[in-house]
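The values are calculated or read from the model by the stated rules, or taken from the named source; none is laboratory data. Everything quoted here is computed from the prediction, not taken from an experiment. Cβ placement follows ideal geometry from the backbone for every residue including glycine, while neighbour counts extend to all protein chains displayed. Each accessible area value is taken on the protein alone, full model and side chains, heavy atoms only, with ligands, DNA and RNA left out. Shrake-Rupley method; radii C 1.70, N 1.55, O 1.52, S 1.80 Å.
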Amino acid sequence: MKARRVLPGLAAIGGLFALTGFWQHGGRFHASPGVVQAQTQAADTFQRVWAQAIPGFRAAALSADGGDIATVSADGIVRLWDWQRRPGRPLWRRAVPGASQAAVSAGGRTVLAYAPLDPTRTAVSFLGAGGQGITRIPLDGAIWDVCCSADGNYAAVSTGGHSLYLFTLGAHPALHHWRLGGIGNSLALSPDGSYVAAGTWGVLPEDGSGVACYTPRGATLWQYPGDTRARQALSNRLFEAQVARSGQCVLGVSYANVHEGDGTLYFWRGRGNGRPAWTHALGDEASYPQAMISEDGSYVAVTYTRLVTHGEQSVAERRLLVLDDAGNTLWEKGGLLFSPTLVSVAADGHRVTVSDGRSTLYHLNDEGRITAPYRFGATIRRTLASPDGRWLLVYTGDGLLNLIKLG
């Protein structure tokens, strides 16, 4: 979801990301110096399959199928990597002046390079095979979010001009453009691009905050809240949207504009009629929520920070909560001794991966028990997971970018 899904400015509590060499031999995994990998169950493993130092690293993007990685350096150089076919050298590199983020379609067929939240750089550059420039399209405001459909055929972009642009990717990208009832804080496409969900933030008196689903031509399938006044009443809140990889469920998160507090989860089945199947309030003291939905939509995991009062002092602690598709709490972990930040959810929801905010990743099983830790030799800075929960990009303080296969 939104900035949590996008690698560049993930400043989250505790941070997340890293890298070094890793290989498999004789059925056992071996880590290079400074990396410790533990395995307690065959189904819960970490396997590093690729590692690369990226000079001047700014951001990275992972294709939905986990096969391609786009990186952006501080000098605006965009590189596309195929870690299986050519792990040591990028397939191509191209200078895109001012770019600080990228999105990459499945199969690496198209890379979108842009500068998020920069009102002086409002264009999206489309790069094709070999890194050639397909087109550069100026938009009507600062770019807030970009996402690609899992099938690699569509990309969606939201702007500070209250616009949503939906592109059909190819040699000559076609677009449909319509206005949102607020700034598109977060976008999510269904796997086949048949609908797009937008989480909005109302900044103008006539705007509203909420979640809406649209057809590829901009027709509204549903909107939450359904009433205009109710959406306007939520204008002090920002909404995020996420679509399960199955395409059958939509997850929403809202939080107050200040400190991302008072987080609430929303769950919609299918295209529905806009009425959530359930909502779950994390509490007035809950801030900085980070939520993910499993591939089939059966499970939702969320980490957040809450203040705990001890006498006259208040201490911030991180919590991890897992719910089923009926909104029931399955288990909850966290506290002063274990401060998890959500990283990934397995396709079936029976494994959740978190960072401790320092240098270690953990798998937790469907009972909330830690089954496998994985420690890096440097601080985790940023993470980015594939929608199916199989692949994880990790960037660490030693300047390395890793691709980890989660099992």
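Could you pull out the residue among ARG79, ARG86 that is farther than 29 Å from PHE338 by Cβ, modelled with pLDDT of 95 or more, of a type in the set (D, E, K, R) and open to solvent by 20 Å² or more (accessible area, probe 1.4 Å)? Quick ask: steps written out before the conclusion?
Working: ARG86 fails: modelled with pLDDT of 95 or more.
The match here is ARG79.
Which residue, of GLU295, GLU312, is within 19 Å of the chain's Cα centre (by Cα), more than 17 Å from SER186 (Cβ to Cβ), open to solvent by 30 Å² or more (accessible area, probe 1.4 Å) and not β-branched (Val, Ile, Thr)?
Only one candidate passes the filter, namely GLU295.
Could you grab me the full set of residues in the range 297-319 that are acidic (Asp, Glu) and modelled with pLDDT of 85 or more?
Matches in the range 297-319: GLU317 only.
Would you mind telling me which numbered condition in (1) outside any strand (DSSP E or B); (2) open to solvent by less than 50 Å² (accessible area, probe 1.4 Å) HIS280 fails?
(1)
For the range 347-364, give me the residue count where each residue is under 14 Å from SER294 (Cβ atoms) and open to solvent by 10 Å² or more (accessible area, probe 1.4 Å).
Adding up the residues that qualify gives 4.
Output the number of residues of the range 192-248 satisfying the condition of being touching a Cys at 6+ places or on another chain (Cβ under 6 Å) and under 21 Å from GLY263 (Cα atoms).
Count: 1.
Please specify each residue of the range 86-120 satisfying the condition of being part of a loop (DSSP other than H, G, I, E, B), within 23 Å of GLY170 (Cα to Cα) and more than 22 Å from the chain's Cα centre (by Cα).
Hits for the range 86-120 are PRO90, LEU91, VAL96, PRO97.
Taking the stated definitions as given, is GLY133 of a type outside the set (Val, Ile, Thr) and crowded, with 16+ Cβ neighbours inside 10 Å?
The answer is no for GLY133.
Of the numbered conditions (1) polar (S, T, N, Q); (2) part of a loop (DSSP other than H, G, I, E, B); (3) buried (at least 23 other Cβ atoms within 10 Å of the Cβ), SER254 fails exactly one; give the number of that condition.
Here SER254 clears every test but (2).
Would you mind finding the one in LEU342, LEU330 that is of a type outside the set (Lys, Arg), closer than 21 Å to PHE376 by Cβ and assigned to a strand (DSSP E or B)?
Values: LEU330 fails: closer than 21 Å to PHE376 by Cβ.
None of the other options fit; the residue is LEU342.
Where residues in the range 327-346 are among the hydrophobic types (A, V, I, L, M, F, W, C) and modelled with pLDDT of 95 or more, which of them is surrounded by the most Cβ atoms within 10 Å (Cβ to Cβ)? Explain how you work it out, then say what you get.
Within the range 327-346, the subset among the hydrophobic types (A, V, I, L, M, F, W, C) is 330-331, 336-338, 342-343, 345-346.
Next cut, modelled with pLDDT of 95 or more only: 330-331, 342-343, 345-346.
On the way: LEU330: 15, TRP331: 15, LEU342: 25, VAL343: 27, VAL345: 25, ALA346: 23.
For the range 327-346, the residue satisfying everything is VAL343.
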